[in-house]
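One structure below.
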Amino acid sequence: MATKLKGTLHYDALTTAIYATDASVYRRLPLAVAYPKDAGDIKLLIQFAKQHGTALIPRTAGTSLAGQCVGEGIVVDVSKHFTKILDVNERAKTVTVQPGVVRDALNNYLKPFGLFFSPNTSTSNRCMIGGMVGNNSSGTTSIQYGVTRDKVLELQTILSDGSDATFKAISKEDFLRKTEAHTLEGHIYKTIYNELSPKEVQQKIRDNFPKPEIHRRNTGYAIDELLKYDVFDGGLDGFNMCQLLSGSEGTLAFTTQITLQLDDLQPKESLMIAAHFNSIEDCLNSVALVMQHNLYTCEMMDKTILDCTKHNKTQQQNRQFIVGDPQAILMCEVRSNSLTDVQTQAEELIKSIETSRLSYAMPVLVGDEIDKAIELRKAGLGLLGNIIGDTKSAACIEDTAVALPDLANYISDFTRLMDGHGQKAIYYAHAGAGELHLRPILNLKTEQGVADFRTITTDVAKLVKKYQGSLSGEHGDGIVRGEFIPMMIGEENYQLLRRIKTAFDPDNLFNPGKIVDAFAMDEALRYVPNREEPDIETLLDFSASLGILREAEKCNGSGDCRKLPEFGGTMCPSYRATRNEKDTTRARANTLREFLTNSDQKNKFNHKELKEVFDLCLSCKACASECPSSVDVASLKAEFQYQYQKENGTSFRTKLFANNNKWNRLGSKIPQLTNFFFKNGLTSYIIKSSLGISKNRSLPLISNKRLDRFIQEQTNQEVKQNYIKTVYLFNDEFTNLLDTPIGIDTIELLQALNYEVKFTKHQESGRAFLSKGLLEEAKKLANENVAIFKDLISKDTPLIGIEPSAILSFTDEYLKLADDKNSAEIISNNCFLIEEFLQQEIKLGNITAEQFTKEAKTIKFHGHCHQKALRNQSSSFDVLNIPENYKVTIIPSGCCGMAGSFGYEEEHYEVSMAIGEQTLFPAVRNASSDIVIAANGTSCRHQIKDGTQRDALHPVTVLRRALL
């Protein structure tokens with residue numbers, strides 16, 4: 001089969017492990033994973049599945065919460081090749097796409113046309129249109145624009161017999177003609193007609209399906225929507241099968257092309273009122289009130305979600321609008337093309353809320369503040385993964401929707417139900433749509449937790465049925481809710497759904513176990529209940545997560561690591577370059593979890609699959625801050641490398657790179673000769689070839705003078721009086737031997753600004769050892785440096801560093817390596833990048849613009865990944881802006897792609913440069929020659945030079961040259 005496809009088919013242990021899970025609690029190992037290139041490939045896969053009695057599980061981004069994307073057949077991932085936007089009809093306001101187009105990427109493309117695709121999920125920067133159609137996705141905009149089903153005009157599909165079928169709006173006459181065709185498509189139309197025509201059947205559907213005013217309803221197949229057409233004596237002309245296929249979770253046909261109805265861009269002026277409440281009840285009792293206004297967003301977050309944001313670096317920046325310690329916040333957005341009108345709307349909304357006396361604070365957000373609040377809400381589901389330990393929020397009842405008039409009573413009943421189960425539920429809601437993402441806290445590693453999983457879901461299903469609501473509002477039935485469909489719509493209606501499924505797919509090829517004949521909701525979970533928890537010893541200290549396995553288990557599969565460069569951030573640079581699921585943060589965490597849990601090896605890390613999945617990880621650390629669950633894959637990789645190399649040995653090249661400081665020290669004895677060998681075409685070629693370094697790379701040159709020798713000379717300098725402050729400078733191994741001029745600029749800048757710069761002999765940071773997994777050597781250095789600095793570093797005498805990857809080791813890895821945890825913590829709290837220190841001093845008024853030139857300059861700054869992940873770029877931005885006529889912009893560049901030795905290695909060179917080409921290289925190339933390019937990472941500057949032939953300066957050098 002693999003040889004017949006234009007795309008690829010994989011059935012190795014690594015790929016099947018990666019695709020065994022999605023964003024749900026389920027795990028089913030697939031038979032294989034296919035990446036089809038065209039419709040012909042899909043037809044071949046259908047034929048193969050039919051002949052061999054297996055199934056096809058369609059998949060795009062794999063962010064499904066109900067288990068729609070897991071199964072034991074062949075997972076068909078269309079996110080790799082079915083990614084084209086095929087046509088935009090500006091006049092008709094339609095767009096035709098393939099199913100692997102990312103929702104936000106589509107809207108970026110449509111913006112110049114003044115149009116957008118309105119359904120807006122929390123995963124919109126990586127979820128794909130095919131998945132949105134399969135799930136009938138909704139999102140924050142549904143109260144104004146409707147759901148995906150409302151936007152689907154036409155679907156080009158392949159049916160279960162391999163035939164093509166295009167479903168779109170047709171007349172009643174065309175519908176009836178189709179019922180007479182002797183094809184599978186004709187049989188489908190005939191079945192639909194025969195099943196839904198009887199009046200008693202129609203009445204049972206209306207009596208048992210969720211109330212029609214609940215626009216977020218995905219319970220079973222949407223046969224209630226089909227009754228609206230005149231074919232069945234409804235009020236709408238014609239018929240469109242797309243209404244049925246939307247929300248069918250890929251169980252009826254395989255979609256290859258989608259035509260969508262678009263909307264005009266939202267009104268340009270917007271304000272958001274973030275109403276704060278002291279109780280959940282007060283918040284929910286306000287929903288009906290605020291929905292009397294023309295809202296574009298009405299979203300709710302509770303204290304549990306908000307508290308999770310306190311511990312995520314990215315979200316800390318987004319929660320600045322929060323006043324006090326609310327139990328819940330209701331985010332209400334009003335819009336208009338008139339600023340005056342939107343202000344009036346906001347005032348009227350605030351007046352209504354004030355009259356109710358339910359809210360204690362109502363900050364008004366505007367512009368970027370709204371975007372930050374929305375991002376905070378979007379991160380909510382993923383942030384729940386931050387709960388430490390085995391007890392987690394479980395997605396099972398998180399998608400219920402009721403009619404708005406029923407909301408208050410439903411919540412009252414729901415709260416009593418949860419109290420009866422000893423649960424304090426998490427409330428996270430599309431409140432204006434009557435949909436509540438309510439999650440119990442359960443330990444699904446225990447039999448009791450799994451039993452509660454079923455019992456709570458069953459009881460909530462009965463409650464939802466009482467209000468004729470929908471158990472699935474937008475997340476789909478999948479596995480977790482599929483078996484409750486008979487309860488929700490009645491057995492007769494359920495049997496009707498089964499017959500429709502059979503008409504479409506008589507051999508049950510398409511995504512079996514979902515919607516009809518569903519898998520049991522409490523089987524095939526990620527964890528085997530009551531298992532003996534693996535005992536895994538590590539050198540790095542993972543106790544903050546209760547061990548390395550639980551660190552990996554923090555990944556809930558939300559797929560934030562699949563977002564593309566145009567959506568900002570850094571995570572995940574390797575996925576952005578390859579677009580392979582294998583190269584996501586999610587894949588690495590899940591694969592490690594899979595093998596640490598199920599391996600029968602004495603050393604559970606000793607698997608080539610783990611080596612492969614970690615191979616393209618650049619250890620940028622972005623996942624530790626940008627992943628809502630803060631999964632620290634850089635640390636996972638370092639520990640894996642250490643453990644794997646214990647069993648398989650360490651290569652000569654790895655040892656050489658790890659010990660680069662030792663070899664650079666030797667080279668520094670004769671720098672001119674060393675640099676001759678590094679620059680000369682013949683000798684550099686021999687060096688690169690023998691060490692597996694890309695021939696396209698330039699080798700880093702040794703500085704003519706070592707910084708430690710310059711420092712020794714400084715001890716004889718005249719000592720000033722009345723210094724502003726005293727600092728210790730960490731002379732890292734890169735600055736010391738490769739970037740001495742930057743070190744000198746740092747010292748001269750600080751001294752010129754009247755700071756006392758002290759030095760002490762210390763060890764290298766250990767960054768190179770960390771990057772290569774030589775953790776014993778890194779631990780030794782960490783312990784020695786902590787011992788050296790513990791009696792020197794304090795609030796009054798901070799430790800200042802130049803190279804981010806080196807100095808930030810004190811604030812990250814040293815806390816996991818050092819034996820003296822207390823001292824390491826104290827040093828970490830008083831350890832700063834040079835830019836951070838200068839920024840603080842500027843804020844204190846100790847450094848002013850008057851000390852610098854008034855010459856005008858334009859600067860573009862690229863920040864180091866570790867700075868972005870562990871601190872932020874604002875310090876570099878602020879200090880570069882201190883000269884009053886310097887105009888500074890931050891390049892939204894993510895990772896540069898070098899990552900220490902990664903970009904030098906021959907097998908990684910192409911990926912390294914592809915990462916650079918995403919944003920950084922084009923931004924630098926497009927900058928005129930008079931624009932200063934600044935970068936504070938030594939690897940970043942080298943990558944910029946190799947990729948663009950431009951020299952980048954460290955911010956310290958820029959400032960030192962700007963001194964008067």
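The values are calculated or read from the model by the stated rules, or taken from the named source; none is laboratory data. Note that the structure is predicted; figures quoted are calculated from it, not measured. Because the Cβ atoms are built from the backbone with ideal geometry, glycine has one as well, and the counts that use them run over all protein chains shown. Please note that ligands, DNA and RNA were not included when accessible areas were found on the heavy atoms of the full protein model with its side chains. Shrake-Rupley method; radii C 1.70, N 1.55, O 1.52, S 1.80 Å.
Overall dimensions of region 651-739, expressed as equivalent-ellipsoid semi-axes from the Cα gyration tensor (√(5λ), whole Å, largest first), are 34, 14, 10.
In this simple spin-label approximation, Ile687 and Asn926 carry label points 7 Å from Cα along the Cα→Cβ vector, and these lie 3.5 nm apart. Surface composition of the chain: carbon and sulfur atoms hold 49% of the protein heavy-atom accessible area at a 1.4 Å probe.
Set the Förster radius R0 to 51 Å, insert the Cβ-Cβ distance between Gln672 and Val364 as r into 1/(1 + (r/R0)^6), and round the FRET efficiency to 0.05. Write down the numbers at each step before the final one.
Values: r = 64 Å, r/R0 = 1.26.
With a Förster radius of 51 Å, E is 0.20.
Kirkwood hydrodynamic radius of the chain, from the reciprocal of the average inverse Cα-Cα distance over all distinct pairs: 30.1 Å.
When all protein chains stay in place and ligands, DNA and RNA are ignored, the 1.4 Å accessible-area order of Arg653, Arg217, Arg697, largest first, is Arg653, Arg217, Arg697.
The residues packed around Ala373, meaning those with a beta-carbon under 13 Å from its beta-carbon, carry a net charge of -2 if Lys and Arg are +1 and Asp and Glu are -1.
At an R0 of 45 angstrom, the distance between the Cβ atoms of Asp237 and Asn409 translates into a FRET efficiency of 0.75.
Scanning residues 5 or more positions from Gln261 or on other chains, those with amide H under 5 Å from its amide H are Val152, Leu153, with H placed 1.01 Å from N in the peptide plane. Looking at region 521-609, the trypsin sites (Lys or Arg not before Pro) that sit in a DSSP loop and have at most 13 other Cβ atoms within 10 Å of their own Cβ are Arg531, Lys602. Kindly list the residues of region 721-755 that lie in the label zone of Arg961, defined by a backbone N under 18 Å from the point 7 Å along the Cα-to-C-beta vector. Residues 739-750 qualify, since their backbone N sits under 18 Å from the label point.
Kindly give Rg over Rh for region 710-843, based on alpha-carbon atoms, with the Kirkwood expression for the hydrodynamic radius.
On the way: Rg = 14.6 Å, Rh = 15.2 Å.
In region 710-843, Rg relative to Rh is 0.96.
In this structure region 566-621 gives 33 Å² per residue of accessible area when probed at 1.4 Å with all protein chains present. Remark: region 691-826 carries 41 Å² of accessible area per residue (probe radius 1.4 Å; ligands, DNA and RNA excluded). Legend: residues Leu29, Leu750, sorted from most to least accessible area (1.4 Å probe; ligands, DNA and RNA excluded), read Leu29, Leu750. Straightening the chain between Glu776 and Glu907 buys 44.5 nm, computed as 0.36 nm per residue apart minus the Cα-Cα spacing. Annotation: for a label point projected 7 angstrom from Cα along Cα→Cβ of His52, residues of region 65-88 with backbone N closer than 16 Å are 71-77.
What FRET efficiency comes out for the pair Ala856/Glu566, r = Cβ-Cβ distance, R0 = 30 Å, nearest 0.05? After rounding, the FRET efficiency stands at 0.45.
Amide H contacts of Thr858 (H built 1.01 Å from N, in plane; Pro and chain starts excluded): Lys887, Val932 sit under 5 Å, all sequence-distant by 5 or more or on other chains.
Given a 1.4 angstrom probe, what's the average accessible area per residue across region 253-360, in square angstrom? Each step should come with its number before you reach the end.
Details: 4480 Å² over 108 residues.
Accessible area per residue, region 253-360: 41 Å².
Here the label points at Phe113 and Leu546, each 7 Å from Cα along the C-beta direction, are separated by 5.0 nm in the simple model. Label point of Gln495 set 7 angstrom out along Cα-Cβ; within region 507-525, amide nitrogens under 15 Å from it belong to 517. Note on Phe484: accessible area approximately 10 square angstrom, rounded to 10, probe 1.4 Å, nucleic acids and ligands left out.
The sum of -39500 (n - 2.57) across all DSSP H runs of n ≥ 4, divided by the residue count of the chain, sets its helix-only mean residue ellipticity at 222 nm to -11500 deg cm²/dmol.
The peptide list 109-119, 146-156, put in order of mean Cβ contacts within 10 Å with the highest first, becomes 146-156, 109-119. Let me make sure I get this right: for region 17-108, a, b and c are the square roots of the gyration tensor eigenvalues over alpha carbons, sorted descending. Under 1.5 in a/c it's rounded, otherwise prolate if a/b > b/c, else oblate. Which is it? Verdict is oblate for region 17-108.
Near Pro922: Cβ cut-off under 13 Å, other residues only, Lys/Arg at +1 and Asp/Glu at -1. The net charge is +1. Over 20 Å between Cα atoms: which of Lys646/Lys779; Lys43/Lys514; Lys392/Lys445; Lys84/Lys111 fall into that group? Those over the limit are Lys43/Lys514. In plain terms, the chain from Asn89 to Asn337 could stretch by 86.8 nm, reckoned as 0.36 nm per residue minus the Cα-Cα distance. Spin-label model, Lys351/Ser874: points 7 Å from Cα along the beta carbon direction are separated by 3.6 nm. Residue by residue, region 816-828 carries 3J(HN,Hα) couplings of 9, 10, 5, 6, 8, 4, 5, 5, 4, 5, 5, 4, 4 Hz when phi is fed to the Karplus relation 6.51 cos²θ - 1.76 cosθ + 1.60 (θ = phi - 60°); x denotes Gly or Pro.
Ser352 exposes around 30 Å² of accessible area when a 1.4 Å probe is run over every protein chain in place.
When the Karplus curve 6.51 cos²θ - 1.76 cosθ + 1.60 is applied with θ = phi - 60°, which whole-Hz ³J(HN,Hα) does each residue of region 335-345 get, with x for Gly and Pro? Taking θ as phi minus 60°, the curve returns 9, 6, 7, 10, 5, 4, 5, 5, 5, 5, 4 Hz for region 335-345.
Maximal additional length on extending the Lys268-Gln320 stretch stands at 16.4 nm, based on 0.36 nm per residue less the C-alpha distance. Out of every Cα-Cα pair that region 300-404 contains, those further apart than 16 angstrom amount to 66 percent. Put simply, the amide H of Lys424, placed in the peptide plane, has neighbours under 5 Å in Ile441, leaving out anything fewer than 5 places away on its chain. Ignoring aspartates and glutamates fewer than eight residues from Lys843 along the same chain, the ones with Cα atoms less than 17 angstrom from its Cα are Asp796, Glu835, Asp878, Glu884. Residue-wise HN-Hα couplings along region 655-663, as the Karplus relation 6.51 cos²θ - 1.76 cosθ + 1.60 with θ = phi - 60° gives them from phi, are 5, 5, 5, 5, 9, 4, 5, 4, 6 Hz; Gly and Pro carry x.
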